[in-house]
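*Asks:* Take a look at the following structure, please.
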Amino acid sequence: MKNDTVIVRLVSFALVTVTFGIGLTVLAVRLKGEQVDRVAEHRQEMDSQSSRRVLTAGPRGAIYDRHGVALAVNRLSLCIELHPEAFRPTAKGQTTASNIAAALESLAAVIGRPPKTTPEALARHLKISLARPLKVWEELSEEELARFCEHAREHPGFVCVSEYERTYPQGSLAAHLIGRVGREEIRTVAGGPRMNYIEKDLKGREGLELQYDEYLRSMPGEDLLVVDARGFATRRETLKRASAGCDLRLTLDVRLQRLVEHELDGCVGACVAIDPRDGSVLASASAPTFDPNACVPVFPKKTFRKLSEDPRKPLLNRATAGQYAPGSTFKPVTALAGLRNGWNAATEHLCTGVYEYGDMRVRCARTWGHGELDLPHALRESCNPYFCNLGMKTGIAALKAAAEDFGLGRRTGIDFPTDAAGTVPDPEWKLAHCREPWYPGDLAQMAIGQGLLLVTPLQMARVVGAIGTGRLATPRLNAAMPAQDRPLPFAKAALGSVREGMRMVVDGGTGRKAGEGVDACVIGKTGTAEVGAGANRHKNTWFLAYATPNPTSAETTPLALAMVIEHGESGGGTTAPKVAAVLRGFYNREEATE
Amino acid sequence: MKRFLLRFNWLSFVSMLALITIGAFVLASAGAARGGVFASHWKSMLGTAAVGLVFYFVLAFLDYRTVMDWIAYPGFGFALFLLVAVLLVGTTQFGGRRWLWFFQPSEISKLFVILCLAQLFGAEGELFRGQYGFRGFLAAGGLIAVPCLLILLEPDLGTTLTLVPALLVMLLVAGVWRKGLVVLLAAGAVAATAVLGAVYEAERPGTSPERRAAILRYVPLREHQVSRVKTFLFPERDGLDSGYNLRQATMTIGSGGLVGKGYGKGEAIRRELMPAMGVMNDFIFCVWAEEMGYLKGSLALLALYGLLCVSTAWTALVAGDGRGRLLAFGIATLVFAHVYVNIGMSIGLVPITGLPLPFLSLGRTFLVTVMCGLGLVQSVSLHREEKE
């Protein structure tokens with residue numbers, strides 16, 4: 001070594017230095033590639049790794065009646081949430097899942113009931129949403145909350161939070177109308193930022209909750225979770241707070257709704273009451289009913305099966321979706337159709353107790369006939385032969401046109417998901433749907449509201465309201481919706497004589513019980529539709545009422561009301577008294593202040 | 001005194017001090033982000049550096065020849081003893097049995113092996129004076145093999161990976177069986193290529209498990225080493241295992257960009273995107289590169305390391321005798337190998353292995369070791385004229 005020349009020394013120094021230089025240059029070039037050329041890619045990767053976006057739900061809008069009485073609101077449900085990041089394994093042999101399982105067991109002993117999470121659900125949560133808290137106890141009672149708080153310090157990682165849950169303070173009142181909610185992932189806006197997690201929000205499934213779902217639903221907020229390398233949340237930020245949905249004010253009057261439901265209680269039937277001036281639905285009830293609180297937060301399978309298998313169909317909203325033969329309540333429509341087509345209201349016709357056409361016989365309610373009748377008296381007595389005769393003279397086209405002028409045979413246009421159209425038959429319809437030709441008897445049956453004709457209680461409430469005001473209003477439930485109506489294309493005189501007949505119905509006619517003791521001017525029409533065959537043959541009894549308040553009445557609102565009771569005796573005997581009770585409750589001062 | 005000032009290798013000393021300062025800063029930043037006990041690690045590293053400086057100056061003022069005569073062979077024996085001891089009673093951490101009491105014998109042994117080799121081939125009047133043929137190589141091989149095997153048994157592949165280049169450079173400079181060494185190096189390159197090729201074939205998508213097992217039977221690597229090589233070959237493939245560390249490290253470095261995110265503003269460590277312990281140790285460079293960027297961070301650091309290594313090698317050029325030259329080259333190459341492997345592994349140039357970055361990584365044993373080595377090199381520089 002000592003003999004090494006300077007050249008050898010220099011060469012070895014140069015070689016080593018060059019090696020160092022090459023090595024450092026390689027590093028510098030590669031680092032430039034990562035830090036300068038691919039910096040955007042790396043930054044994006046870091047952002048995506050370290051944050052999770054969460055779409056969060058806020059409280060749903062409430063539903064109120066016209067006077068501000070709450071029908072559907074949110075209550076706070078106390079829950080215990082578990083934050084997985086508090087259960088990181090710290091010692092050998094531990095896992096997050098085992099730590100959580102141990103903590104859950106200990107906390108279950110404190111609270112006094114087992115958590116709702118299964119080990120499988122927990123494992124799933126840890127796998128797919130480790131950064132997010134998991135609800136382990138729901139619907140905490142006050143006592144359970146107290147017990148939790150007492151021992152909260154020994155159970156880090158558990159937090160008590162409140163969650164919005166739908167509740168219906170009036171119980172089963174207007175249950176069919178309000179509908180029900182379920183839970184569903186919030187729908188994301190197309191083109192918005194990609195969300196890692198999407199919370200579930202209340203989603204309307206039926207009724208007004210469904211109709212006005214967009215309106216009631218909260219504006220989703222956005223949370224940002226900052227996560228570490230293992231996926232645990234290290235920080236939470238709220239980028240946008242979820243805002244509450246809009247409140248919905250209905251045209252409904254809870255007081256009237258309650259009166260109506262009280263009268264329907266125990267029956268199978270429906271009743272709709274609208275303000276004929278603007279179509280506001282003041283009451284809409286269907287019996288039997290159910291308690292929508294039973295289906296919060298989820299409709300229990302057992303309850304649902306029980307309700308859906310009940311032969312009386314409590315889940316069916318008969319007020320808007322129940323299709324019935326209108327029976328004699330259709331006679332005012334027949335009358336107006338006739339009057340528009342040359343029938344004279346004052347001309348008297350003979351009723352012999354039966355109407356015969358070919359081999360068809362339609363019996364009158366009075367076995368031996370009413371004798372000579374003009375139109376108002378025919379309505380008063382609800383004389384079948386008179387109206388069969390009138391209908392046959394008028395013809396199906398004119399009768400159908402009149403029915404359609406009253407909005408029958410098509411949807412009413414109400415802001416509600418179920419809005420049955422009913423049926424106004426004609427020869428083509430019968431051929432298409434029943435594959436049978438049209439017989440003259442079909443027309444006679446239709447003239448008295450039987451046969452193939454089908455209507456809903458809502459449609460009939462609208463009909464009687466239109467007869468009363470002369471304008472056909474579109475029913476509406478949302479108070480903020482503008483009122484819509486159109487004039488009835490019938491002569492004033494014709495409407496006048498029909499109203500006269502309907503006044504006489506209540507004033508000593510078939511529906512005399514409907515006006516008893518009511519502090520309002522009531523006109524109306526009874527109806528008894530015979531439906532079904534054989535053992536199932538029964539009568540659906542109707543009453544239509546149009547009530548205008550007296551100066552002494554408690555209310556100043558006129559009412560157009562249609563009530564149908566299945567398996568009744570007669571319109572005048574079964575339904576009219578119930579209508580009277582409703583009207584008394586609504587208009588009479590002493591009863592209203594009760 | 002003037003002679004002292006002239007002969008003192010200021011470049012090496014100043015770049016070392018600069019690196020120690022950077023180390024304290026980057027550890028302070030990373031520690032603050034980690035919190036807890038980590039927050040004060042930079043202070044203890046500064047304390048260790050102070051101890052290291054004492055060693056540095058003591059060794060620099062003593063004549064390195066005296067020191068080497070005294071401790072080169074006993075030190076080697078001592079190192080072997082420590083390496084055996086750590087295998088028997090050492091503490092296991094991060095999958096390797098590396099700790100004995102408060103230090104890591106494998107780090108200390110690096111210095112002792114280099115000293116021993118320098119003494120063996122550089123001292124006058126020694127056994128292999130003059131021409132060192134194959135006999136010299138065998139002696140050197142035997143000398144190197146024992147500690148290297150012991151370190152591999154821990155297992156600590158990284159230490160072996162950095163020690164071997166240093167020793168090879170020393171052997172080449174000493175002229176030990178040059179032709180044979182060159183051939184051996186070529187053979188090593190071929191073998192390495194063959195191993196890489198075999199692992200590539202075995203881990204390539206579409207290779208059946210039976211075929212993989214059949215191939216790997218002939219590959220002299222353990223399973224975890226195979227997986228590291230695999231990560232090196234297919235960095236994008238395995239996202240959660242060792243590939244994960246690489247991906248996170250590269251992402252962290254890359255996200256720093258040209259000018260960095262600012263001191264104390266590194267996101268990766270604050271959001272715990274890097275394994276907590278590794279980030280203070282093997283991946284400390286990521287923190288620095290992320291916070292300071294390419295220009296102020298990576299390039300400046302590489303320049304400092306270059307300065308340190310080249311100025312240390314410069315001492316070899318001016319050294320008064322063979323021992324000094326070998327020692328200086330050995331230490332310079334050791335530092336360089338650590339820098340290259342440590343930074344290279346965090347950007348996928350080198351398979352991932354646990355290895356400290358000199359002066360920056362949290363590792364007291366290695367810091368003191370490197371400073372002792374540099375102190376000895378300083379001594380070479382200071383005492384170069386006496387036996388001219």
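*Asks:* Identify all lysines with a Cα-Cα distance to B:Lys2 below 25 Å; exclude those on the same chain that are fewer than 8 residues away in sequence.
*Replies:* Straight-line reach from B:Lys2, under 25 Å: B:Lys387.
*Asks:* For helix A:96-111, report the angle its Cα long axis makes with the longest principal axis of the Cα atoms of chain A; keep it between 0 and 90° and round to the nearest 10°.
*Replies:* So the helix axis and the longest Cα principal axis differ by about 50 degrees.
*Asks:* Let me ask you something else. Using 0.36 nm per residue of separation minus the Cα-Cα distance, give me the extension gain between A:Tyr215 and A:Arg53 in nm, one decimal.
*Replies:* Fully extending the segment from A:Tyr215 to A:Arg53 adds 55.8 nm.
*Asks:* Taking each pair of distinct Cα atoms in segment A:229-297 once, what is the resulting Kirkwood hydrodynamic radius in Å?
*Replies:* Here the Kirkwood hydrodynamic radius works out to 16.2 Å.
*Asks:* DSSP loop (so not H, G, I, E, B), at most 16 other Cβ within 10 Å: list which GluC sites (Glu not before Pro) in segment A:451-535 pass both filters.
*Replies:* A:Glu516
*Asks:* Quick one: check the C-alpha center-to-center distance for segment A:403-445 versus segment A:36-91, whole angstrom.
*Replies:* Spelled out, the Cα-based centre of one part sits 51 Å from the other.
*Asks:* If you place +1 on the Cβ of every Lys and Arg and -1 on the Cβ of every Asp and Glu, how big does the dipole about the Cα centre of chain A come out, in debye to the nearest 20?
*Replies:* About 1360 debye.
*Asks:* Next question, about the same structure. When you look at the Cβ of every residue in B:250-263, what mean number of other chain Cβ atoms sits within 10 Å?
*Replies:* Numbers: counts 6, 9, 4, 6, 14, 12, 7, 8, 4, 1, 1, 1, 0, 0.
So the per-residue partner count for this stretch is 5.
*Asks:* For an R0 of 35 angstrom, estimate the FRET efficiency from the Cβ-Cβ distance between A:Thr167 and A:His433 and round to the nearest 0.05.
*Replies:* It comes to 0.20.
*Asks:* State to the nearest 20 debye the size of the charge dipole of segment A:52-249 about its Cα centre, where the only charges are +1 on K and R beta carbons and -1 on D and E beta carbons. Display every interim value, and only then the final one.
*Replies:* Working: 30 positive and 27 negative charges, 129 e Å.
Dipole magnitude for segment A:52-249 comes out near 620 debye.
*Asks:* Let me ask something additional. If R₀ is 35 angstrom, what is the calculated FRET efficiency for the pair B:Leu349 and A:Arg230, using the beta carbon separation as r and rounding to 0.05?
*Replies:* Result of the calculation: an efficiency of 0.85.
*Asks:* So what J values fall out for segment A:514-519 if you push phi through Karplus, 6.51 cos²θ - 1.76 cosθ + 1.60 with θ = phi - 60°, rounded to Hz, Gly and Pro as x?
*Replies:* With the stated coefficients, segment A:514-519 comes to 6, x, 4, x, 8, 8 Hz.
*Asks:* Moving on to the next point. Say each of A:Leu10 and A:Ala397 gets a label point 7 Å from the Cα, pointing the same way as Cα to Cβ; how far apart are those two points in nm?
*Replies:* Modelled inter-label distance: 12.3 nm.
*Asks:* May I pose another question? With a point put 7 Å past each Cα toward its Cβ, work out how far A:Glu348 is from B:Thr66 in nm, to one decimal.
*Replies:* Inter-label distance under the simple model: 15.3 nm.
*Asks:* Also: Quick one: what are the phi-derived ³J(HN,Hα) couplings along segment A:333-350, Karplus 6.51/-1.76/1.60 with θ = phi - 60°, whole Hz, x for glycine and proline?
*Replies:* Whole-Hz 3J(HN,Hα) from phi for segment A:333-350: 5, 4, 4, 5, 4, x, 4, 6, 10, x, 6, 9, 5, 8, 5, 9, 10, 8.
*Asks:* With charges only on Cβ, +1 for K and R and -1 for D and E, what is the dipole size of chain B about its Cα centre, in debye, rounded to 20? Don't skip to the end; give the middle numbers.
*Replies:* Details: 32 positive and 23 negative charges, 43 e Å.
Result for chain B is approximately 200 debye, rounded to the nearest 20.
*Asks:* Something else about it: I want to verify a result. In a Gaussian network model of chain B, Cα cutoff 10 Å, which of these has the top mean-square fluctuation: B:Val14, B:Val377, B:Val287?
*Replies:* The residue with the greatest mean-square fluctuation here is B:Val14.
*Asks:* Normalised by the number of residues in chain A, what is the relative contact order in percent for Cα pairs under 8 Å and 6+ residues apart?
*Replies:* Relative contact order for chain A comes out at 13 percent.
*Asks:* Let me ask something additional. Would you mind checking which residues have amide H under 5 Å from A:Asp419's amide H? H placed 1.01 Å from N; only 5 or more apart, or other chain.
*Replies:* none
*Asks:* Let me ask you something else. Select from segment A:312-342 those trypsin sites (Lys or Arg not before Pro) which occupy a DSSP coil region and have at most 14 other Cβ atoms within 10 Å, ordered by residue number.
*Replies:* Qualifying residues, ordered by number: A:Arg312.
*Asks:* Which values of log₁₀ I(q)/I(0), to two decimal places, follow from the Debye formula for the protein assembly as shown at q = 0.06, 0.09 Å⁻¹ with a uniform point scatterer at every Cα?
*Replies:* -0.65, -0.96
*Asks:* If you take the charge dipole of the protein assembly as shown about its Cα centre, with +1 on Lys and Arg Cβ and -1 on Asp and Glu Cβ, which of A:Ser308, A:Gly391, B:Leu172 is farthest toward its positive end?
*Replies:* Of the options given, the answer is B:Leu172.
*Asks:* What order do you get for A:Met392, B:Met280, A:Met502 when you list them from fewest to most C-beta neighbours inside 10 Å? Let's see the in-between values first.
*Replies:* On the way: A:Met392 17, B:Met280 25, A:Met502 29.
Least to most surrounded, the residues fall as A:Met392, B:Met280, A:Met502.
*Asks:* Taking the Cα centre of each part, how many Å lie between segment A:527-594 and segment A:323-401?
*Replies:* So the separation of the two Cα centres works out to 23 Å.
*Asks:* Which residue, A:Ala146, A:Val54, B:Leu367, has the largest displacement toward the positive end of the dipole of the protein assembly as shown when charges sit on each Cβ (Lys, Arg +1; Asp, Glu -1)?
*Replies:* B:Leu367
*Asks:* To continue, here is another question. Which one of B:Ala192, B:Ala28, B:Ala313 has the biggest mean-square fluctuation once chain B is modelled by GNM with Cα springs under 10 Å?
*Replies:* Highest fluctuation among the options: B:Ala192.
*Asks:* Does anyone have the angle between helix A:39-50 and the longest principal axis of chain A? Alpha-carbon axes, 0 to 90°, nearest 10?
*Replies:* 60 degrees
*Asks:* Note down the relative contact order for segment B:246-381 as a percent, whole number, built from C-alpha pairs under 8 angstrom at least six residues apart.
*Replies:* So the answer I get is 27 percent.
*Asks:* Using the Karplus curve 6.51 cos²θ - 1.76 cosθ + 1.60 with θ = phi - 60°, what ³J(HN,Hα) values do you get for each residue of segment A:263-273, in whole Hz, with x for Gly and Pro?
*Replies:* Running phi through 6.51 cos²θ - 1.76 cosθ + 1.60 with θ = phi - 60° gives 6, 7, 3, x, 9, 10, x, 8, 8, 10, 10 Hz.
*Asks:* Another one. Could you tell me which residue out of B:Leu221, B:Ala192, B:Val318 lies farthest along the dipole of chain B toward its positive end? Charges go on the beta carbon: Lys and Arg +1, Asp and Glu -1, centred on the Cα centre.
*Replies:* Result: B:Val318, furthest along the dipole toward the positive end.
*Asks:* Pop the C-beta distance of B:Leu17 and A:His67 into the FRET formula with R0 = 60 Å and round what comes out to the nearest 0.05. Walk me through the numbers on the way to the answer.
*Replies:* Working: r = 84 Å, r/R0 = 1.40.
With a Förster radius of 60 Å, E is 0.10.
*Asks:* For chain A, take the longest principal axis of its alpha carbons; what is the angle in degrees between that and the long axis of helix A:457-469, to the nearest 10 within 0 to 90?
*Replies:* It is inclined by approximately 60 degrees.
*Asks:* What relative contact order, as a whole-number percentage, does segment A:135-221 give when Cα pairs under 8 Å and 6 or more residues apart are counted?
*Replies:* 23 percent
*Asks:* Now a separate question. For segment A:164-219, which semi-axes, largest first and in whole Å, follow from the square roots of 5 times the eigenvalues of its Cα gyration tensor?
*Replies:* 27, 11, 8
*Asks:* What residue among B:Val89, B:Val310, B:Val368 has the largest mean-square fluctuation in a Gaussian network model of chain B, using Cα springs under 10 Å?
*Replies:* Result: B:Val89 has the largest fluctuation of those listed.
*Asks:* Any idea how far apart A:Thr25 and A:Lys302 come out in nm if each label point goes 7 Å out from Cα toward Cβ?
*Replies:* 8.2 nm
*Asks:* Can you list residues from other chains, or at least 5 along the same chain, whose modelled amide H is less than 5 Å from the amide H of A:Lys135?
*Replies:* Residues meeting the amide H criterion: A:Leu82.
*Asks:* Now a separate question. Can you compute the radius of gyration and Dmax for chain B, using only the Cα atoms, both in Å?
*Replies:* My reading of the Cα-based Rg and Dmax gives 21.3, 72 Å.
*Asks:* Another question about this same structure. What average count of beta carbons from other chains do you get within 10 Å of the Cβ of residues in B:292-305? Mind dumping the intermediate values first?
*Replies:* Values: counts 0, 3, 7, 3, 0, 2, 8, 6, 0, 2, 6, 2, 0, 4.
For peptide B:292-305, the averaged partner shielding equals 3.
*Asks:* Looking at segment A:337-430, which chymotrypsin sites (Phe, Trp or Tyr not before Pro) are in a loop (DSSP not H, G, I, E or B) and have at most 11 other Cβ atoms within 10 Å?
*Replies:* Here the sparse-neighbourhood loop sites are A:Trp368.
*Asks:* Checking the table A:Lys393/A:Lys539; A:Lys135/B:Lys261; A:Lys203/A:Lys578; A:Lys240/B:Lys265 against a 30 Å threshold on Cα-Cα, which pairs fail?
*Replies:* Listed pairs above 30 Å: A:Lys135/B:Lys261; A:Lys203/A:Lys578.
*Asks:* Same structure, new question: How compact is segment A:52-249 by the rule of thumb for globular proteins, expressed as Cα Rg over 2.2 N^0.38 Å?
*Replies:* Relative to the rule-of-thumb radius for its length, segment A:52-249 sits at 1.15.
*Asks:* Of A:Ser172, A:Ser48, B:Ser12, how do they rank once you tally other Cβ atoms within 10 Å and put the fewest first?
*Replies:* Going from least to most buried by this count: A:Ser48, A:Ser172, B:Ser12.
*Asks:* Mind sorting A:Arg486, A:Arg53, A:Arg462 by how few other Cβ atoms lie within 10 Å of their own Cβ, fewest first?
*Replies:* By the 10 Å Cβ count, ascending, the order reads A:Arg486, A:Arg53, A:Arg462.
Here, each number is a calculation from the coordinates, and none is a lab measurement. Remember, predicted model here, so these are calculated numbers, not experimental data. Don't worry about glycine lacking a Cβ; one is built from the backbone with ideal geometry, like all the others, and counts go over all protein chains shown.
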